[in-house]
Ligand code: PGA
């Protein structure tokens with residue numbers, strides 16, 4: 001049985017004061033016991049959030065990490081070993097904003113994914129198509145290619161200890177959500193692609209949906225058979241809204 005997961009991606013938001021406020025709000029949430037909850041603050045605030053959530057069940061992850069596992073001469077990067085040392089347990093790999101805006105490509109993401117796992121972090125691999133790709137009928141092809149990049153480089157076994165987040169680029173931060181049916185179709189295809197390699201891995205891996213998830217649409221999305229939770233952007237910056245999404249996941 002896959003445990004539901006709700007993850008909050010804070011992106012490049014926050015100040016010390018607002019992070020303290022949000023962390024305090026999260027501390028006070030009553031979270032359903034069947035749901036794994038994690039938040040992904042900007043690097044700068046990771047320590048503050050880990051300290052602030054000490055004693056709670058909420059895990060902390062980073063939004064990105066270096067392709068090299070160990071610390072070294074790589075100005076401006078953060079090694080996954082450093083994230084693990086800080087107390088992070090997850091890291092986002094290949095969020096669409098990094099693929100599209102920072103130009104990160106599959107080969108680099110394969111290395112980031114492997115380096116993160118080598119340090120004991122659980123990678124959350126983000127995949128998803130643009131609107132142009134969807135309109136051209138290429139959604140499953142694009143997502144399939146993003147997934148097969150990891151499978152070919154690291155083997156399907158790499159997904160024993162990983163999470164996948166399907167985030168259609170056109171739904172991120174736009175208020176447009178994939179319908180539960182649209183999301184389920186892609187999730188089912190992702191699971192089928194993994195199952196073609198290894199049925200057990202496919203059954204065990206958690207597939208999160210992301211893209212304008214909020215309390216009002218979460219339950220419907222999480223009710224689909226292959227949607228095992230969500231990766232929440234904007235709505236995760238409000239503790240009450242995020243808590244409501246976590247509760248929707250628990251039902
Ligand atoms: P959103 O972002 O919920 O603000 O659409 C999701 C994400 O990018 O992870």
> Across the stretch 143-175, what is the number of residues that are outside any loop (DSSP other than H, G, I, E, B) and either free of Cβ contacts under 8 Å to residues at least 24 places away in the same chain or farther than 29 Å from residue 234 by Cβ (or both)?
Replying inline: 9
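Hey, among 216, 195, 165, which residue is surrounded by fewer than 19 Cβ atoms within 10 Å (Cβ to Cβ) and within 16 Å of the ligand (Cβ to nearest atom)? If you could, list the steps in order and put the result at the bottom.
Working: 195 fails: within 16 Å of the ligand (Cβ to nearest atom); 165 fails: surrounded by fewer than 19 Cβ atoms within 10 Å (Cβ to Cβ).
Among 216, 195, 165, only 216 is surrounded by fewer than 19 Cβ atoms within 10 Å (Cβ to Cβ) and within 16 Å of the ligand (Cβ to nearest atom).
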> Which one is nearest to the chain's Cα centre (by Cα), of the residues in the stretch 176-204 that are assigned to a helix (DSSP H, G or I) and more than 17 Å from residue 144 (Cβ to Cβ)?
Replying inline: 204
> Going through the stretch 94-132 one residue at a time, which ones are more than 16 Å from the ligand (Cβ to nearest atom) and free of Cβ contacts under 8 Å to residues at least 24 places away in the same chain?
Replying inline: 103, 105, 132
> Can you name the residue in the stretch 219-251 that is in a loop (DSSP other than H, G, I, E, B) and within 13 Å of the ligand (Cβ to nearest atom) and is also surrounded by the most Cβ atoms within 10 Å (Cβ to Cβ) among such residues?
Replying inline: 233
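Rundown of residues vs (1) surrounded by 20 or more Cβ atoms within 10 Å (Cβ to Cβ); (2) in contact (Cβ under 8 Å) with a residue 40 or more places away in the chain, yes/no style:
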site	(1), (2)
5	yes, yes
16	no, no
20	no, no
23	yes, no
29	no, yes
44	no, no
48	no, no
57	no, no
92	yes, yes
> For the stretch 27-142, which helices (runs of 4 or more DSSP H) that fit wholly inside it have 1 or more residues that are within 14 Å of the chain's Cα centre (by Cα)?
Replying inline: 96-100, 106-118
> What number goes with the only condition from (1) within 15 Å of the ligand (Cβ to nearest atom); (2) part of a helix (DSSP H, G or I); (3) touching a helix residue (DSSP H, G or I) at 6+ places or on another chain (Cβ under 8 Å) that residue 207 does not pass?
Replying inline: (2)
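Bear in mind these aren't lab numbers, they're just calculated from the coordinates by the rules spelled out. Note that this is a predicted model, so its numbers are computed, not measured. With ideal geometry, Cβ positions are generated from the backbone for all residues, glycine too; neighbour counts draw on all protein chains shown.
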